[in-house]
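K.L.:
Below you'll find the structure I mean.
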Amino acid sequence: MTDPLFEFLCRMGDNTLVLGHRVSEWCGVAPVLEEDIALANTALDLIGQTTLWLNLAGEVEGKSRDADALAFRRDVWEFRNVLLVEQPNGDFGQTMMRQFLFDLWHKGMLTALQDSSHDQIAAIAEKSLKEVTYHLERTTDTVIGLGDGTDESHARMQKALDRLYPFVGEMFVADDVDGAMVAHGIAPDPAHLRPEFDATLDEVLSNATLVKPDSEFAHKGGKSGQRHSEHLGHMLSQMQWLQRAYPDATW
Amino acid sequence: MYAQMIKSTGKGVKSLDEMEPEERAFQERINAGGKIEPKDWMPDGYRKTLIRQIGQHAHSEIVGQLPEGNWITRAPTLERKAILLAKVQDEAGHGLYLYCAAETLGVSRDQLTRDLLSGKMKYSSIFNYPTLTWADMGAVGWLVDGAAIMNQVPLQRTSYGPYARAMVRICKEESFHQRQGFDIMMKMANGTEAQRKMAQDALNRFWYPSLMMFGPSDKDSVHSAQSMAWKIKMNTNDELRQKFVDQTAPQAAYLGLTIPDEHLEWNEERGHYDFSEPDWDEFFDVLQGNGPCSVDRMEARNKAWDEGRWVREGLLAHAEKKRARKMAAE
Amino acid sequence: MSSPESGSYDATEAAPHGKPRATEWPLWEVFIRGQHGLSHRHVGSLHAADAESAIKNARDVYTRRNEGVSIWVVEAAAIAASSPEEKGPLYEPSNDKVYRHPTFFNIPDDVGAM
């Protein structure tokens, strides 16, 4: 097994890398100028966080790979992001629902990571938490606003929730990597984050007049890297193209 | 420029003696370097011309997001991606500031948007050209933003207060745009053989379209004379184009790239570079909607607007419900 | 300062003063107090469905996320303003617009040819 700390850092960094990329796809085509600008800020925050996590991962790995080498030169099976963040943007409602579900998990995770025994991780978490707290405020308002808005916006948000809810469970499933992180006091057991997540989720969905799907079925395979969705490969083929096509160039 | 070929309304510039007292006071204030503010009296032609000019400028920022947005998901490093995204985001912000300035003249942003989407209002010709390689991100920053800055810096002194203030804010944020473009060009020009080729190819494709941004010669134009008297146009198109060539030619030499103009040459006597005019037939074709990407750009803007409608309506409906609930509770 | 309402551009756009049109978010004026203790200063305008989102949009548009700034937003329609060129009383009792038009504005047909 590879170093669990490296794995864990790749999980954190790949989540923000993949989601930041997805959000950046909205630049220039959002429903209204103010949202266009806000989405770009979210994407910029996530790209910044990616640099911190993946540089640290490269450092821990000790094979002189930096954040760019990890982001642009790994293939699908080496990515460790949860399946939720690689789901396509869909309409604006699906993008916002995906962001909200991730933000809610992300905030809980980062809050716990502030107390990490690993100083650099605690520092990254502290910086990221400020940004993510704001992301969550914004997506909470948007999910409630669109859920409660018109018949059409309500229907679209319910559809987005139904589409994405099966990807929620994976964020809370603990495996050996998580076990090693807990043992060293580096990161929390993700399962412990679930009750607070559920409480807030229920409250927001109630305000949004949306109904949580009955089934707790959860797709898995992203954070372990065992089985990503087809979407990730297409994203990487675009994101990594220049680095792959001109491997001897610097940019 | 971002606002090309804006026809001012009016039949030639009146002398102060020909003006009614109100207009005379208005013109004297402009002549003295004063600002016109939204509540002030202004000639109808001034208002209409400004709406067209500011509106077209705003549209250019918004449509201008697209050719660069085209490369955000393919940027070669995390840092380049962040810089490009921040830059395209700035353009959205600049569009927003400009629409707000236009709104002080009594037109809504939605209406301006609809006029863009219907083709009634135009945007700068330059954004109808494709961005084909990463070097184009360099060329756009270096040449297109470089040309835009030539126009925008003097517009900070324009007579209409809200427009001038928007331009001050825009120029402050714009300062990094041209530099990031030139930085990409330097990296490419000093890079591998393939990167050098890309850089030269980008310059070849963007040189003449950049010169077109200033619009055709307007030294004899009645419309330009009126706009200059109103201080909503600060320089002639030819002045700005010459300034741009004079600034850019040495930069290209620094990069070791060749400007695609065999007549480009320093003229000692004039103290300026001589250069070839762009193909003005092509320019008019582009303005008529026959640019290489004209249809794509309009489709993209229309799609974003149409698909965003439910979001705008949904959030507004929620705000109204919230207000009603609050009132019912009081 | 931006207009409290978007003036009539053509007949179908008309709406009672102060009421946003059916699909357009109201206009808000944004005031920001920076870290150095100076008073709130007008920085610009934006559109938002309500006050809460106006504050958030202001944060995204006008501060690009600087921490430690205080933001005020006020619906543009709620602002009363003096008219700088008027002689006589500073405030007109009935003045409820930030701007005033000499005429109603119509976009001319030749706009397409600019």
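The values are calculated or read from the model by the stated rules, or taken from the named source; none is laboratory data. Computed from a predicted structure; not experimentally measured. Every residue, glycine among them, receives a Cβ derived from its backbone with ideal geometry; neighbour counts consider all protein chains shown. To get the accessible areas, we keep the full protein, side chains included, count just its heavy atoms, and leave off ligands, DNA and RNA. Shrake-Rupley method; radii C 1.70, N 1.55, O 1.52, S 1.80 Å.
K.L.:
Of all residues in region A:198-240, which are more than 22 Å from the chain's Cα centre (by Cα) and part of a helix (DSSP H, G or I)?
P.N.:
A:Ser206, A:Asn207, listed by residue number.
K.L.:
Here's something else I'd like to know. Step by step: first the residues of region B:256-265, then only those that are free of Cβ contacts under 8 Å to residues at least 40 places away in the same chain and not acidic (Asp, Glu), then the one that is most open to solvent (accessible area, probe 1.4 Å). Which residue is that?
P.N.:
Out of the qualifying residues, it is B:His263.
Rundown of residues vs (1) assigned to a helix (DSSP H, G or I); (2) away from every other protein chain (no Cβ under 11 Å), yes/no style:
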| site | (1), (2) |
| --- | --- |
| B:Asp281 | yes, yes |
| B:Pro292 | no, yes |
| B:Arg297 | yes, no |
| B:Arg325 | yes, no |
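K.L.:
Give A:Asp151, A:Asp214, A:Asp189, A:Asp176 a once-over and let me know the one that is touching a residue at least 40 places away in the same chain (Cβ under 8 Å) and either surrounded by fewer than 17 Cβ atoms within 10 Å (Cβ to Cβ) or of a type in the set (D, E, K, R) (or both).
P.N.:
Exactly one of A:Asp151, A:Asp214, A:Asp189, A:Asp176 is touching a residue at least 40 places away in the same chain (Cβ under 8 Å) and either surrounded by fewer than 17 Cβ atoms within 10 Å (Cβ to Cβ) or of a type in the set (D, E, K, R) (or both), namely A:Asp176.
Rundown of residues vs (1) at pLDDT 95 or above; (2) open to solvent by 50 Å² or more (accessible area, probe 1.4 Å); (3) of a type in the set (A, V, I, L, M), yes/no style:
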| site | (1), (2), (3) |
| --- | --- |
| B:Glu277 | yes, yes, no |
| B:Asp281 | yes, yes, no |
| B:Ser294 | yes, no, no |
| B:Met298 | yes, no, yes |
| B:Trp305 | yes, no, no |
| B:Trp310 | yes, no, no |
| B:Gly314 | yes, no, no |
| B:Ala328 | no, yes, yes |
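K.L.:
Out of B:Ile30, B:Ile62, report the one residue that is closer than 19 Å to B:His223 by Cα, modelled with pLDDT of 95 or more, away from chain C (no Cβ under 12 Å) and in a helix (DSSP H, G or I).
P.N.:
After ruling out the rest, the residue left standing is B:Ile30.
Results for (1) touching a Cys at 6+ places or on another chain (Cβ under 9 Å); (2) surrounded by 23 or more Cβ atoms within 10 Å (Cβ to Cβ); (3) within 8 Å of chain B (Cβ to nearest Cβ), shown as yes or no for each residue.
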position	(1), (2), (3)
A:Glu25	no, no, yes
A:Leu39	yes, yes, no
A:Gly48	no, no, yes
A:Asn55	no, no, no
A:Val82	no, yes, no
A:Val85	no, yes, no
A:Asp91	no, no, yes
A:Phe100	no, yes, no
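K.L.:
Okay, next question. Would you check if B:Glu320 is within 14 Å of chain A (Cβ to nearest Cβ) and either closer than 27 Å to B:Ser60 by Cβ or in a helix (DSSP H, G or I) (or both)?
P.N.:
Criteria met by B:Glu320.
K.L.:
Residues that are touching a residue at least 12 places away in the same chain (Cβ under 8 Å), surrounded by 24 or more Cβ atoms within 10 Å (Cβ to Cβ) and assigned to a helix (DSSP H, G or I): does region B:8-20 have at least one?
P.N.:
There is no residue in region B:8-20 that is touching a residue at least 12 places away in the same chain (Cβ under 8 Å), surrounded by 24 or more Cβ atoms within 10 Å (Cβ to Cβ) and assigned to a helix (DSSP H, G or I).
K.L.:
Let me ask something else. When you scan region B:69-88, how many residues do you find that are more than 14 Å from B:Asp145 (Cβ to Cβ), facing chain A (nearest Cβ under 7 Å) and of a type in the set (Gly, Ala, Ser)?
P.N.:
Final tally of qualifying residues: 2.
K.L.:
Select from region B:156-188 the residues that are open to solvent by 10 Å² or more (accessible area, probe 1.4 Å) and more than 26 Å from B:Ala82 (Cβ to Cβ) and write down the one among them that is farthest from the other protein chains (Cβ to nearest Cβ).
P.N.:
By that ranking, first place goes to B:Arg157.
K.L.:
Being surrounded by 23 or more Cβ atoms within 10 Å (Cβ to Cβ), hydroxyl-bearing (Ser, Thr, Tyr) and modelled with pLDDT of 95 or more is true for just one of B:Ser210, B:Ser227. Which residue is that?
P.N.:
None of the other options fit; the residue is B:Ser210.
K.L.:
Oh, and also: If you check B:Glu91 against the conditions, is it touching a Gly at 6+ places or on another chain (Cβ under 7 Å), free of Cβ contacts under 8 Å to residues at least 40 places away in the same chain and either more than 7 Å from every other protein chain (Cβ to nearest Cβ) or open to solvent by 30 Å² or more (accessible area, probe 1.4 Å) (or both)?
P.N.:
For B:Glu91, the condition - touching a Gly at 6+ places or on another chain (Cβ under 7 Å), free of Cβ contacts under 8 Å to residues at least 40 places away in the same chain and either more than 7 Å from every other protein chain (Cβ to nearest Cβ) or open to solvent by 30 Å² or more (accessible area, probe 1.4 Å) (or both) - is met.
K.L.:
For region B:115-203, which fully contained helices (runs of 4 or more DSSP H) count at least 2 residues that are among the hydroxyl-bearing types (Ser, Thr, Tyr)?
P.N.:
Once the helices (runs of 4 or more DSSP H) in region B:115-203 are filtered for at least 2 residues that are among the hydroxyl-bearing types (Ser, Thr, Tyr), what remains is B:161-189.
K.L.:
Anything in region B:70-80 that is open to solvent by less than 20 Å² (accessible area, probe 1.4 Å) and in a helix (DSSP H, G or I)? List them, or say none.
P.N.:
B:Ile72, B:Thr73, B:Leu78
K.L.:
Kindly provide the set of residues from region A:63-80 that are open to solvent by 10 Å² or more (accessible area, probe 1.4 Å) and either among the polar types (S, T, N, Q) or in contact (Cβ under 8 Å) with a residue 12 or more places away in the chain (or both), ordered by number.
P.N.:
Hits for region A:63-80 are A:Ser64, A:Asp66, A:Asp68, A:Arg73, A:Asp75, A:Val76, A:Trp77, A:Glu78, A:Arg80.
K.L.:
Give the number of residues within region C:31-48 that are touching a strand residue (DSSP E or B) at 6+ places or on another chain (Cβ under 7 Å), more than 20 Å from B:Lys172 (Cα to Cα) and of a type outside the set (A, V, I, L, M, F, W, C).
P.N.:
Result for region C:31-48: 3.
K.L.:
Among the residues of region A:36-55, how many are more than 14 Å from A:Thr16 (Cα to Cα) and in contact (Cβ under 8 Å) with a residue 60 or more places away in the chain?
P.N.:
1
K.L.:
Just the residues that are of a type in the set (A, V, I, L, M, F, W, C), touching a residue at least 12 places away in the same chain (Cβ under 8 Å) and under 17 Å from B:Ser210 (Cβ atoms), please, taken from region B:221-255.
P.N.:
B:Leu240, B:Phe244, B:Val245, B:Ala249, B:Ala252, B:Leu255
K.L.:
Exactly one condition in (1) within 8 Å of chain C (Cβ to nearest Cβ); (2) open to solvent by less than 10 Å² (accessible area, probe 1.4 Å) is false for B:Arg109; which is it?
P.N.:
So B:Arg109 meets the others, but not (2).
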